[in-house]
4 protein chains.
Amino acid sequence: MNRIKVGILGATGMVGQRFIQLLEGHPWFEVTEVAASERSANRTYAEVMQGRWKVEGDIPPRVAQLTVKECTPELDCRLCFSALDSSVAGPLEETFAQAGYVVSSNSRNHRMDPDVPLLIPEVNADHLAIIPQQKSRWGSNGYIITNPNCAAIGLVMALAPLHKRFDVDKIIVTTLQGLSGAGYPGVPSLDVIDNVVPFIGGEEPKVESEPLKILGSLNGGQFVFADFQISASCTRVHVLDGHLESVNIGLKQKASAADLIDTWQEFDPLNNQELPSAPSPPLIYRREDDRPQPRRDRNEGNGMACVVGRLRKCSILDYKFFVLSHNTIRGAAGGAILNAEYLFKKDLL
Amino acid sequence: MNRIKVGILGATGMVGQRFIQLLEGHPWFEVTEVAASERSANRTYAEVMQGRWKVEGDIPPRVAQLTVKECTPELDCRLCFSALDSSVAGPLEETFAQAGYVVSSNSRNHRMDPDVPLLIPEVNADHLAIIPQQKSRWGSNGYIITNPNCAAIGLVMALAPLHKRFDVDKIIVTTLQGLSGAGYPGVPSLDVIDNVVPFIGGEEPKVESEPLKILGSLNGGQFVFADFQISASCTRVHVLDGHLESVNIGLKQKASAADLIDTWQEFDPLNNQELPSAPSPPLIYRREDDRPQPRRDRNEGNGMACVVGRLRKCSILDYKFFVLSHNTIRGAAGGAILNAEYLFKKDLL
Amino acid sequence: MNRIKVGILGATGMVGQRFIQLLEGHPWFEVTEVAASERSANRTYAEVMQGRWKVEGDIPPRVAQLTVKECTPELDCRLCFSALDSSVAGPLEETFAQAGYVVSSNSRNHRMDPDVPLLIPEVNADHLAIIPQQKSRWGSNGYIITNPNCAAIGLVMALAPLHKRFDVDKIIVTTLQGLSGAGYPGVPSLDVIDNVVPFIGGEEPKVESEPLKILGSLNGGQFVFADFQISASCTRVHVLDGHLESVNIGLKQKASAADLIDTWQEFDPLNNQELPSAPSPPLIYRREDDRPQPRRDRNEGNGMACVVGRLRKCSILDYKFFVLSHNTIRGAAGGAILNAEYLFKKDLL
Amino acid sequence: MNRIKVGILGATGMVGQRFIQLLEGHPWFEVTEVAASERSANRTYAEVMQGRWKVEGDIPPRVAQLTVKECTPELDCRLCFSALDSSVAGPLEETFAQAGYVVSSNSRNHRMDPDVPLLIPEVNADHLAIIPQQKSRWGSNGYIITNPNCAAIGLVMALAPLHKRFDVDKIIVTTLQGLSGAGYPGVPSLDVIDNVVPFIGGEEPKVESEPLKILGSLNGGQFVFADFQISASCTRVHVLDGHLESVNIGLKQKASAADLIDTWQEFDPLNNQELPSAPSPPLIYRREDDRPQPRRDRNEGNGMACVVGRLRKCSILDYKFFVLSHNTIRGAAGGAILNAEYLFKKDLL
């Protein structure tokens, strides 16, 4: 089989590097284009990345020798993964969609657009039905799909099966987020050693809104948001990768703790779809007292599974638990790749 | 003035060391006795502590040459500070009370006893009226007072003035606790580097119950607990000292955010009592986006003040905020010393 | 092919766990026995390890259900890997050798014995010629081989090819060692956060002596130690895995910097032996200014390769450089496994 | 007494902040001017520093309301402390000296100038005799003095008394340096968590050269450098403040270990000069196995003393030991303040 040509927009940043790392050896996709700002263009990726490649391992040799191009819609590929900074992603992604590319974006800019799916294949694959509407906006065969914020993804994954069966009523969540979420150079070491920073700019509104779109429905060509409230408090802790979240949940339907755990453990909607990046199962419940832990659990399912633990009664809402997800894999590049795999499987590429 | 002789029960552990450090140069109290297990007895404190003194600075020379005694009620002092391990504190503290000593304890064992004050001088000094009842239980002039758990103290300090004025209805709290709370050797480095442990044995029940006794009233010789619920989730993070807490609060009375901040800033019930360890004010509200932070704020008021920040609306309960307290100063030795200072001021020693 | 049955002595500690993890799926060896202290015996490994399994991933299911046995020479296997604590390894390993087992040990007890090879297959495979002498001591077909201390291995690997070609004259080394070298619970978090401990008990003598045996020769049935001196200073730093070493080296023969780098890069004595754990090449020289770094380079060659960098002139001796090795893989379990693979290849099992 | 007016050049960076913090309440000096780049000028220091004040405690209120000026020689003060970035310090400090100011600089630019003292008052106060020569260069009553690099200072302090008595022959040193030495934002957290960076740009040459000027003599109006070699390897470790150094030393005169320790402990050349920032003694030798440690020892003498430990025989040179100094106090702002105190005491201001 010929692999599909893909380009990486914003290929030099941390998320761009993760895309390249995760796509190395991918059975369906082949990175043929790396695009970045004008400043980096016209040199090989290896040259541009000297001293800047920060993910584990070395640059895959085939990508290393690609010439970096500017982010203009003249790339030789059908699919673009966007790791663009949110300061430029908005119009650039639109330009690519108009020019007929499929853009699987990790940037926040278009997530809440009324005709852009904010996609988690395990959760709201039916939202892809909006795509024709978007295509007609662009007047092309291109479109944009997005994956959720890195702190929203773990929460939504844990909530999705519960919401379907027991109807979520209220969520209070405090996040303990890893540092890689801030990119590179990101958080200065002087700010997080022997410390916690109880604030991440712009994060709480995303955690409070994105899950409601994802868990909502597509009705008559419109997204109807899920009908419950989330209250989030976001902190940055001394952890490299992995967002841990302390969740209190109220449900509209009665459910026992065993019901909730069963629901999580039975959740595996993609289990016979054979998507290369889909973890099976996508949710793992650990029964130890002291799990999930970022360093020990973040790589479950190659960083694509979410790990839940410590479910117990809450005296204010109904239950409380912890959930962990890998913020730069499931919560960024890996999520966008899984989305594209799903599109391919459903003949939407 | 002659200083009051005090003994330290459990003088060799981390909290015992903090007592000795904080009492050095104290204007009212003088450490004349250091007591520990049989294993340590009959050598000088300096000898016993070789390689075990872990708080900053050196052992105060006068204490270094004291002979360590066993924890039997034959110490030459009026007041004992107890830093005993909870596995032995229960009966040992009782023995001292029966023998006529005043015991200001940091151990959890007697905190919830029906005639033992769980004291924060700024909050529930009136609970000391129970002491005569306790004395008659022991048939002596001795008694026990306790200070709260290190994760409960910051929460109660932040809640106390709000509860008085606006009546707390519901609390959901997630703690991010420093490592010194686990003593020494305590948490292995392999467990917390690049990691968070979302569990601290026995901690959540204490955070959920102790504040209700402290914020309750003493009625007809009985403690009546405050009438609201707390739901706590406790985590251990990569921080040396300082417990940061993410709090969601529901109130029975209406209050604006400005009301809450004013209430915190006006709170200073001990401000003209001239207690050596009392911070003034005991609560500090910081208006920056990203405070309080453990390393940057834990030493406010010499570690005796609590720092509050990021008050904002909560879509589920009424408000949310962060509070920070120094767990081994205000949350342990410093709290017990302040309690004893208050007893002295009120002629209860 | 039938895999060779192997047992793990000291299977519950950190190094024991690494043996089990690294041997999972091994093409030649199959863990059939797990042995530990009397306290752990007669329960399944899974039961014994509840809350104690600390390496990444879960216990391999087949090992999980093995019954833990005591460390007596009644194990059903030909080969034992010893991860025994040095307080008991001495006589226990001898008992196994006498009973006819081959013991590949990570413990320090027999490393300097006059008839025990201190083996690195890339460096001193010829030392195995001592084995018949050892067998006759035990009066059995069993024997002990050992791998070097985790801080010695990186140094010896870097020195071996240089010594062969240019004759090492003098070595001064300062180590910056990872925490896993101290086992679990090991170093308390309160000792290493925002800190360095400039001392590791017993480490400097090992780093100063073991390389001289390894780089020495076997002459007339006796080990003749290499004829140069090493002066070591060992520190513990805030790193999970990986020992970084700052090395100053004097050589007896003249050599240019390019000579040294070429010598390192050409070093690959096992390259056509097809040993499953042998990295190829075993030494990697990185030309960046700021490498090797523990987190970024420790997993080279699956943790079996050593990474060298920053070679430059020294104004006191001849050159200086940094070398890094993974202390619990190449420096412990992985090293012992590679040793056993070499024995197997040479028909010594 | 009227305090001397002092200005801070580069008042907004990390070292500038330290100057302001350490000078608060100084008995002789009063900060009357804060100067920075054009960008910051004409606003109050409090405004400029919003979100940028990173040292402990709050901005001293009197300084907070000062108007930030540009770094032009129109400041109302006799003495300037320079915390200027090395990209601009060179010509700016000259301009101030020409205009008649005394500049006590922490910047590297003029340290090696042939008529600029690189001063440690305990070590080479006699180098101040060069000042008239410098004044005649500027044609004014102004001049520049400098304090050494933060990694050089601890080494020189430990070497100074040894060199005087036993004549240093050779030094090999590996540094483990704290993060605050890189300023703010400085080292990204992703680079140092679970990691060490074995490189600090430009540091090794400074550590190898500055001590030779300081330990040299002033002969016939010229600095004659000390006649020995230093070979340095510099690393950045996960420590907030404090540079730990592993030193191997060769001496020209014979000396026992006891001689060395006595020499260190007797070293206190400023002990009756009553300089406010001078630690007494400036060198502390700790006899424990595992000291000095950055977090536990860096604040000795309010961060102005250096701590030495683990002296032992070296098989290559003569001895080896560790030394620790606080890099932003003794190694930066505190050092420059002590230098100015010495000038004042000697009527050179």
- Note on the structure: Given unit charges at Cβ for Lys, Arg (+) and Asp, Glu (-), the dipole magnitude of the range C:150-326 about its Cα centre in debye, nearest 20, is 260 debye
- Message: Need one number: nm distance between label points at D:SER315 and B:GLU70, each 7 Å from Cα along Cα→Cβ, rounded to one decimal.
- Response: 5.0 nm
- Note on the structure: Taking Cα atoms only, helix B:334-345 is inclined relative to the longest principal axis of chain B by an angle, in degrees rounded to 10, of 80 degrees
- Query: Between B:ASN248, B:PHE223, B:ALA332, whose Cα lies farthest towards the positive end of the dipole of the range B:223-349 when Lys and Arg beta carbons carry +1 and Asp and Glu beta carbons carry -1, centred on the Cα centre?
  - Reply: B:ASN248
- Note on the structure: Checking C:PRO279, C:PRO73, C:PRO27 against a Gaussian network model of chain C (alpha-carbon springs below 10 Å), the top fluctuating residue turns out to be C:PRO27
- Item | Label distances, nm, A:LYS252 versus same residue in remaining copies, Cβ-directed 7 Å point | 3.1, 8.5, 8.9
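So what's the net charge close to B:VAL63: Lys and Arg +1, Asp and Glu -1, counting the other residues with Cβ under 11 Å from its Cβ?
Details: positive: B:ARG62; negative: B:GLU24, B:GLU30, B:GLU33, B:ASP58.
Its environment carries a net charge of -3.
Hey, what number do you get for chain C at 222 nm if only DSSP H runs of n ≥ 4 count, each worth -39500 (n - 2.57), divided across all residues, to the nearest 500? Please list the in-between numbers first.
Numbers: 12 runs with 102 residues, N = 349.
It lands at -8000 deg cm²/dmol.
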- Task: Would you mind computing, in nm to one decimal, how far apart the modelled labels at D:ASP58 and A:ASP262 are, each placed 7 Å from Cα along Cα→Cβ?
- Result: 5.8 nm
- Per-residue Cβ contact counts at 10 Å, fewest first, order B:GLU300, D:GLU208 as D:GLU208, B:GLU300
- Message: Taking a point 7 Å out from Cα toward Cβ as the label site, list the nm distances between B:SER140 and the same residue in every other copy, smallest first.
- Response: 6.2, 7.5, 8.6
- Who wins for biggest fluctuation among C:ALA182, C:ALA333, C:ALA36 in a Gaussian network model of chain C, springs between alpha carbons below 10 Å? C:ALA182
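Just to verify a number: FRET efficiency for B:VAL88 and B:LEU348, C-beta to C-beta distance, R0 = 25 Å, to 0.05? List each step's numbers first, then the result.
Numbers: r = 26 Å, r/R0 = 1.04.
Efficiency, rounded to the nearest 0.05: 0.45.
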- Would you mind giving the mean number of other chain beta-carbons within 10 Å of the Cβ of each residue in A:284-294, as a whole number? 3
- Query: Can you list the HN-Hα couplings for the range D:233-241, worked out from phi with the Karplus curve (6.51, -1.76, 1.60; θ = phi - 60°), rounded to whole Hz and with x for Gly and Pro?
  - Reply: 10, 10, 10, 10, 10, 7, 9, 6, 10
- Quick one: C:ASP58, D:ASP113, C:ASP262, fewest Cβ neighbours within 10 Å first, how do they rank? C:ASP58, C:ASP262, D:ASP113
- Item | Rounded to the nearest 20 debye, dipole of the protein assembly as shown from Cβ charges on Lys, Arg, Asp, Glu | 0 debye
- Relative contact order (%) - criterion: Cα under 8 Å, at least six apart; region: chain C: 17 percent
- Item | Cβ-placed point charges (K, R +1; D, E -1), dipole of chain B about Cα centre in debye, nearest 20 | 240 debye
- Inter-copy label distances at B:GLY90, 7 Å along the Cα→beta-carbon direction, one decimal in nm, shortest first? 4.3, 6.4, 7.4
- Item | the range D:48-202: relative contact order in percent, alpha carbon pairs under 8 Å with at least 6 residues between | 17 percent
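May I ask for the equivalent-ellipsoid semi-axes of the protein assembly as shown, computed as the square root of five times each C-alpha gyration tensor eigenvalue and listed largest first in whole Å?
Details: eigenvalues 402, 401, 291 Å².
Ellipsoid semi-axes (Å, largest first): 45, 45, 38.
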- Using Cα positions and a limit of under 17 Å, work out the lysines in reach of A:LYS252, with same-chain residues fewer than 8 apart set aside. A:LYS164, A:LYS170, A:LYS313, A:LYS320
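Compute the Cα gyration tensor for the range B:170-255, then decide on rounded, prolate or oblate, letting a ≥ b ≥ c be the square roots of its eigenvalues: rounded whenever a/c is under 1.5, prolate when a/b is larger than b/c in the other cases, and oblate in all that remain. All intermediate terms of the calculation are to be shown ahead of the outcome.
Working: a/c = 3.33, a/b = 1.94, b/c = 1.72.
Judged from the Cα gyration tensor, the range B:170-255 comes out prolate (a/c at least 1.5, a/b above b/c).
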- Task: When a/c is below 1.5 the answer is rounded, else prolate if a/b is larger than b/c, else oblate, so apply that to the range D:45-175 with a ≥ b ≥ c taken from the square roots of the Cα gyration tensor eigenvalues.
- Result: oblate
- Note on the structure: With x for Gly and Pro, the residue-by-residue ³J(HN,Hα) of the range B:188-200, computed from phi through the Karplus equation 6.51 cos²θ - 1.76 cosθ + 1.60 at θ = phi - 60° and given in whole Hz, is x, 4, 5, 8, 10, 7, 6, 7, 9, 10, x, 6, 9
- Message: As a check on your reading of the symmetry: which chain D residue has its Cβ nearest the axis that brings D onto B, and how far is it in Å?
- Response: D:ASP194, 3
- Note on the structure: Here the net charge surrounding B:ARG43, from other residues whose Cβ is less than 15 Å away from its Cβ (Lys, Arg +1; Asp, Glu -1), is -1
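Under the rule a/c < 1.5 gives rounded, and otherwise a/b versus b/c splits prolate from oblate, where does the range D:23-84 land using the Cα gyration tensor?
Numbers: a/c = 1.72, a/b = 1.03, b/c = 1.67.
Here the range D:23-84 falls in the oblate category.
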- Using only the alpha carbons, work out the radius of gyration and Dmax of the range C:150-326 in angstrom. 16.2, 52
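Read-outs throughout are calculated quantities, based only on the coordinates presented, and are distinct from any laboratory measurement. This is a predicted model, so every value here is computed, not measured. FYI the Cβ positions are ideal-geometry reconstructions off the backbone, even for glycines, and counts take in every protein chain you see.
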